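Chemist: Below: one structure in structure tokens.
The values are calculated or read from the model by the stated rules, or taken from the named source; none is laboratory data. For clarity, every value in this text was computed on a predicted model and none was experimentally measured. Glycine also receives a Cβ, built like all others from the backbone with ideal geometry; neighbour counts cover every protein chain displayed. Only protein heavy atoms, including side chains, enter the accessible area calculation; ligands, DNA and RNA are left aside. Shrake-Rupley method; radii C 1.70, N 1.55, O 1.52, S 1.80 Å.
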Amino acid sequence: MRAPASDPVDRTRFPVEEWGLTEVRYDTAHLGQRETVFAVGNGYLGLRGNNEEGNAEAHAHGTFVNGFHETWDIRHAEDAFAFAKTGQTIVNVPDTKTIAITVDGEPLRLSSPGVASFRRSIDFREGVLRRDVTWHTASGRRVAVRSSRMVSFSRRNLALMTYEVTVLDGPAEVVITSDVRNRQDEVPEGSAASVGFDPRRSAQFENRVLLSQLVRDEHGRMALAYRAAHSGLGLAVCVDHELFTDDPVTTETRMTADLGRRTYRIAASEGRPILLVKWVAYHDGGADADAEDLVGLARLTIDDAQAVGREVLAAEQRDWLAGYWANADVEIDGRPELQQAVRWCLFQLAQAAGRTDGGGIGAKGVSGSGYQGHYFWDTEVYLVPFFAHTNPGLARRALRFRISMLDAARDRAAEMAQRGALFPWRTINGQEASAYYAAGTAQYHIDADIAWAMCKYADVCGDPGFLTGEALPVLVETARLWVDLGFFRGPERSFHIHSVTGPDEYSAVVNNNLYTNLMARANLRRAAAAVRELAAGDPDGFAAIAGDLRLELSEVDVWEAAAEAMTIPYDEGFGVHPQDEDFLKREVWDLAHTPEENTPLLLHYHPLVIYRFQVLKQADAILALFLAGDAFTAAQKRADYEYYDPITTGDSTLSAVVQSIIAAEVGYQERALGSCMEGIFVDLADLHHNTGDGVHIASAGGVWNALVYGFGGLRDHSGRISLDPRLPAGWKALRFGFGLSGSRVQAELTASELVLTLLDGPGGTLTVRGEPVSLTGRASVRVALDGQGPLMPTITGSVPLLHGRPATPEELTVGLPTGSTTLSPQQVPDS
């Protein structure tokens, strides 16, 4: 998939605003995408951007508490030893968003012809979703409805909503109903539950999930508590209301196990606003959590919030986001449409991770139920670099969450007949939840990804004690896994790793996957270095942890030997690194002649069909060029990119941002910009047609990577910071911040120079295009630039390039699974 070079967003509907997103026209098409892009959350609690009125005009009503999940037995048609047994799915917790209105008995429906104006927006510096509607009722009344919705960053369990109604001409009977509703145990017609096969969507439960534990009305404050039927996790939600009106009003409360409803009947006067304020708190706990205790915590959250008031809460929200943006913002001068989309992506990272507070970061954050709310390698590879450079505290919290899963990873390794620890490919509670081992458990590279992220954090943030302290058990156990999984072979005693799957899920259970071997080598080396550093610098500390881990330095010798002997596939004839030992022997999938309706391939072809071809779901070898870039020469990077980029489908949203980084480095600048555009707009323009399932959080993190590592040219291998910029043609300037061994640096890149400013910390030395630059004071350092790197002609075909030109039919066979065909030279697409 290639994004258009121009802005793909409908600007008549979503005008350009550099610090916000606004929708000025309503219709019922693509509701799911808009529910996602207007979702609000803080990493713990997420509310989808459903209409306040809570009616059938919805793709998927959704409210999510990070980590609150139900478990279920995975049913394998043909079971085998150590297959994943227990599935985990995030629960759609009781919905508190619904506030509905009738005027003279007529309900507000946004799709009705009486809606004269509609506008909803969110300012990324404010963190509040706002909506304004003007409505002409059938009885002739003009009604203004204004609402807001906020999930607090400063108070992770709190949400606050307002709903203001003004009858503009003449009195009317206004009825406002405010609900808290268990939608998890409903399956409404036309919902996402009825959509056909797509493995990326969340599974549906067969039986009731939320078992009622408590139902209480405390003078209008509603409290509900539940326990998940199988996981046993506990949850409480409390809702309180304040109504401000000068008109007569009557109230009524209705409470059942699945519905709390507060109803207000107002004899509304002309021009007098009626304001409803809705205070909401969610608290969850483990299987031993008491319902009364959880309700008490929720009640206290609301009490504290009401004590300080709405203005203070709004100020806290702005202050939190101001601190976030001070380090996270990336500025693109002269391209306001890109600036808006980039900031939307970065805002999503705050909403996905800001207050996880010991939890993981889901593939969709808390914006939707896609991928069942699971945590993947996305966090370590796509998000930790961003947080390490901009918000080290969030990076460390994410990594500590992985550390907390170490015991479960040890158990999984033992189950798989391995030493050490094997982290789950997808999980919520630490147990492997991937039912398809070939694209799940076989992705052993997640161990190396986690170790890589821990090293990235320590290097960038100047925190080496992290690796010799709390992270060391993870480094040790993952190193043990690699040595046990692989083996030495032949007189040369080369080290091999067999039967694994790399990042590209269109190839599975292969031998010597390039990415896996390179990342495993780095894992082994860094684990060995950390152990030896501790042994030399703190013998007593080493003795203690060595005793706990039953570790001897002779074991470290084996790690180092395996790393040095690691097999790194390379084909001398093609001049490229094979993605795996046998990859280059396969037929090339003819993407040029694949019908559009047969994409993405994973939804239209059996995995075995895809596995027989050279075709990529996402960057694999190209990702290795980035993460392990110091293992390749510039010529090797170019050759590998030219081979793999044309056969990468981009069926995964993880791919484009990585392809952009390497394209920029090797000189395919137009390709780099196109791939980056795809990442920037993947959700705002719904380029993969599944944004309705939730934000693509890894891609959002990858946007920062593409801008800073790609166009900014930043590299941080082993903590050594270097820059070799690649500013796209037509861009006036690019500004971004990054870390330098715990210091903060601001970079401003133009076509002619790079300006570096030390913002805080002691500074240090980095290199710009190979030349050392020292940053020790607050004065800016200006470095003149001679161009923006090499410029290569655009790759336009879908056949790999060999030695800089399209492969010939004698070198590669190109065909489709409907009937293998060797193309004539005239049929091989131009590159």
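Chemist: R0 = 51 Å: FRET efficiency of Val312 with Lys585, Cβ-based, nearest 0.05?
Modeler: Step by step, r from the Cβ atoms, then E = 0.20.
Chemist: Extending each Cα 7 Å along its Cβ direction at Ile403 and Gln636, get the distance between those two points in nm, one decimal.
Modeler: With each label point 7 Å from Cα toward Cβ, the separation is 3.3 nm.
Chemist: Using a 1.4 Å probe on the protein heavy atoms only, what accessible surface does Glu106 show? Give it in Å² to the nearest 10.
Modeler: Rounded to the nearest 10, the figure is 50 Å².
Chemist: Would you mind checking the pairs Lys364/Lys732; Lys456/Lys585; Lys617/Lys732; Lys364/Lys617; Lys364/Lys585; Lys364/Lys637 and listing those with alpha carbons more than 25 angstrom apart?
Modeler: Lys364/Lys732; Lys456/Lys585; Lys617/Lys732; Lys364/Lys585; Lys364/Lys637
Chemist: Taking the highest mean first, how do the peptides 314-321, 649-656 order by number of other beta carbon atoms within 10 angstrom per residue?
Modeler: 649-656, 314-321
Chemist: Among 249-261, 512-524, 695-707, 268-280, how do they line up by average Cβ neighbours within 10 Å per residue, starting with the highest?
Modeler: 695-707, 512-524, 268-280, 249-261
Chemist: Working from Cα positions, state the angle (0 to 90°, nearest 10) between the long axis of helix 514-537 and the longest principal axis of the chain.
Modeler: For 514-537 against the chain, the angle is about 90 degrees.
Chemist: Measuring from centroid to centroid over Cα atoms, what is the spacing of segment 472-527 and segment 122-185 in Å?
Modeler: 54
Chemist: If you don't mind, there's one more thing I want to ask. Going by a ≥ b ≥ c, the root eigenvalues of the Cα gyration tensor, does segment 271-406 fall in the rounded group (a/c under 1.5), the prolate group (a/b larger than b/c) or the oblate group?
Modeler: oblate
Chemist: As a test of reading the structure, rank Ser154, Ser675 by solvent-accessible area (1.4 Å probe, protein chains only), most first.
Modeler: Sorted by accessible area, descending: Ser154, Ser675.
Chemist: Arranged from highest to lowest average of other beta-carbon atoms within 10 Å per residue, in what order do the peptides 758-766, 382-390, 72-80 appear?
Modeler: Going by the mean number of other Cβ atoms within 10 Å, highest first, we get 382-390, 758-766, 72-80.
Chemist: With the Cα gyration tensor of segment 261-347 giving a ≥ b ≥ c as the square roots of its eigenvalues, does the rule (a/c under 1.5 for rounded; else a/b larger than b/c for prolate; else oblate) give rounded, prolate or oblate?
Modeler: Cα axes put segment 261-347 in the oblate bin.
Chemist: Could you give the dipole magnitude of the chain about its Cα centre, charging the beta-carbon of Lys and Arg +1 and that of Asp and Glu -1, in debye to the nearest 20?
Modeler: 1000
Chemist: Here is a further query. What's the carbon and sulfur percent of the chain's accessible surface, probe 1.4 angstrom, rounded to a whole number?
Modeler: Carbon and sulfur together cover 50 percent of it.
Chemist: How large is the charge dipole for segment 23-141, taken about the Cα centre, if only the Cβ atoms of Lys, Arg (+1) and Asp, Glu (-1) carry charge, to the nearest 20 debye?
Modeler: So the magnitude is around 360 debye.
Chemist: Sum -39500 (n - 2.57) across every DSSP H segment of at least 4 residues in the chain, then divide by the residue count to get the 222 nm mean residue ellipticity, nearest 500.
Modeler: For the chain, the value works out to -8500 deg cm²/dmol.
Chemist: Quick check: from the Cα gyration tensor, does the chain come out rounded (a/c under 1.5), prolate or oblate?
Modeler: Here the chain falls in the prolate category.
Chemist: Also, quick follow-up: Can you give me the angle between helix 336-353 and the longest principal axis of the chain, using Cα atoms only, in degrees from 0 to 90, rounded to the nearest 10?
Modeler: Taking Cα atoms only, the helix is inclined about 80 degrees.
Chemist: Follow-up question, since we're still on this one. In percent, how large is the relative contact order of the chain, given Cα pairs closer than 8 Å and 6 or more residues apart?
Modeler: 12
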